[in-house]
1. For the range 205-259, give me the residue count where each residue is crowded, with 22+ Cβ neighbours inside 10 Å, away from the ligand (no atom under 16 Å from the Cβ), outside any loop (DSSP other than H, G, I, E, B) and of a type in the set (D, E, K, R).
2. Please verify whether the range 336-345 includes one or more residues that are in the same structural domain as C48 (by TED's automatic domain parsing) and more than 21 Å from the chain's Cα centre (by Cα).
3. Could you name every one of the strands (runs of 3 or more DSSP E) located completely within the range 7-80 that has at least 3 residues being open to solvent by less than 30 Å² (accessible area, probe 1.4 Å)?
4. If a residue must be outside any loop (DSSP other than H, G, I, E, B), open to solvent by 10 Å² or more (accessible area, probe 1.4 Å) and within 16 Å of the ligand (Cβ to nearest atom), how many such residues does the range 262-281 contain?
5. Taking the conditions exactly as written (buried (at least 24 other Cβ atoms within 10 Å of the Cβ), closer than 27 Å to S283 by Cα and free of Cβ contacts under 8 Å to residues at least 60 places away in the same chain), does V166 satisfy them or not?
6. I need the full set of residues from the range 144-188 which are in contact with a Lys or Arg (Cβ under 8 Å, 6 or more places away or on another chain) and within 18 Å of T218 (Cα to Cα), in order please.
7. Any idea which of V171, V99, V124, V154 is free of Cβ contacts under 8 Å to residues at least 12 places away in the same chain and within 16 Å of the ligand (Cβ to nearest atom)?
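The values are calculated or read from the model by the stated rules, or taken from the named source; none is laboratory data. All values derive from a computational prediction rather than experimental measurement. Neighbour counts run over all protein chains shown; Cβ positions are idealised from the backbone, glycine included. SASA here: full protein model, heavy atoms, side chains in, ligands and nucleic acids out. Shrake-Rupley method; radii C 1.70, N 1.55, O 1.52, S 1.80 Å.
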Amino acid sequence: MKRNLTKSKEYFDIAKRLIPCQTQCLSKGPTQWINNVAPHYLKGGKGCRVWDVDGNEYIDYAMGLGPVVLGYGNESVDNAIKKQLEDGISFTLCHYLEVELAEKLVDILPCAEMVRYGKNGSDVTSAAIKVARSYTGRDKIIACGYHGWQDWYVASTERDRGIPKVMKDLVFTFRYNDIEGLASILDKNKGEISAVIMEPVTAIKPEKGFLEEVKKLTHEAGAILIYDEMFTGFRWSLGGAQEYFNVIPDLACFGKAMANGMPLSTLVGKEELMRELEKVFYSFTFGGEALSLAASIATIKEIEEKNVIEYIWDKGQMMIDDVKKLIEKNGVSSYLDIMGYPPKSIMVFKETGEYTTMEMKTFFQQECIKRGILFIGYHTLSLAHRDSDIKETLAVYDEVMGLFKNAVESGDLKDRLEGPVLTQIFKNVGDRSAGLAKR
Ligand SMILES: Cc1ncc(COP(=O)(O)O)c(C=O)c1O
């Protein structure tokens, strides 16, 4: 259980001098992984396991924060990348794989009539908003969930430094399942809302008719419905949550799992709206980068041929059921619950009078990491998570839940922390989308 983290710490010390936040993605940085216990730097991965720069191994449940749906080092995807690499990466003209992948996406994503690409999720959520604003001639937006780092969205959060104040007047938010909340914003801003953008689902299930009603109200207001399927895409079903719930938006954004870890995202939707991209400006150097396109085609093929969606639902359900049993067995149901759907289940820590959710999560993470589980608070399973990996994880959870109960009930949980308490990146985002601390 005692792990050597020497190299991780050395790199981290250098990063403190050279890299603001010491990370490129806050969810991977020191505010989300307990200092002194979690490794700062990984070196590689295979299947559902990763190893850090000091050679310690872990079972991963975040899988690159969502993308690695087939597992690290998937042979088919890696071979597709290598084959394309022989021909090249980025070119002076468009690459034919842009077209081949577009044909596939139109085939499998219900709302897709046309396709554009991006690299990050934020590229395509921002493109979707631009399209909606251009099409409707309106500036205001309503959001529900998390949609990336761009100003149009982050203006709605408390982490709004560096954003012109005027942006704050253009974005409103509503809580998931709060149809009255949405109706009230639409009513107060009649004729001014260009789009409602939302994560179709996170941890909380949509109430009966909620998604249908959102679509109806949005259209009645003359606005565009955009689904942000960054997490649900290629997980809830091959066609995302829109296919799973059979509620089809006007535009949708996908990314993460579409290329098993290669940087690729896509905006898809109705032709009438997508043609707006011929008027707005959405253009950048790496949009047609060929390795990611090749990886995506191979990823989708693998998802289809290996019934990956069925597999992750099956294993995810097993995970939820067994974690629930462990929560009961260890008598921690007053402090801990598991929620969500099999493709992404979330461990929810419940505020006690004495401890905050983040204090409890920090303790739980600390003890899991020491035992080889890279615990971030949710499980995104992959094709590479086998029963034996899940069993190993559950044995660790069993032990950690015992320690956790003891720490909470004996009142010395904070004394047992070996590093600073984790902090929430956005205080209100999880709350808005699902009533949970999300990332
Ligand atoms: C639902 C959702 N939308 C958008 C984004 C932003 O994607 P990216 O970080 O690739 O820009 C994320 C990232 O976590 C996400 O979960």
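1. 0
2. So the first thing to find is which residues in the range 336-345 are in the same structural domain as C48 (by TED's automatic domain parsing), and the list is 336-345.
If we keep only those that are more than 21 Å from the chain's Cα centre (by Cα) too, we end up with 336.
Checked the range 336-345: at least one residue is in the same structural domain as C48 (by TED's automatic domain parsing) and more than 21 Å from the chain's Cα centre (by Cα).
3. Output list reads 57-60.
4. 0
5. On the way: buried (at least 24 other Cβ atoms within 10 Å of the Cβ): no; closer than 27 Å to S283 by Cα: yes; free of Cβ contacts under 8 Å to residues at least 60 places away in the same chain: yes.
Here the answer is no, as V166 does not meet what is asked.
6. Once the filter is applied, which keeps residues that are in contact with a Lys or Arg (Cβ under 8 Å, 6 or more places away or on another chain) and within 18 Å of T218 (Cα to Cα), the range 144-188 yields C144, G145, L170, V171, F172, T173, F174, R175, Y176, G181.
7. On the way: V171 fails: free of Cβ contacts under 8 Å to residues at least 12 places away in the same chain; V99 fails: within 16 Å of the ligand (Cβ to nearest atom); V124 fails: free of Cβ contacts under 8 Å to residues at least 12 places away in the same chain.
Testing whether each residue is free of Cβ contacts under 8 Å to residues at least 12 places away in the same chain and within 16 Å of the ligand (Cβ to nearest atom) leaves just V154.
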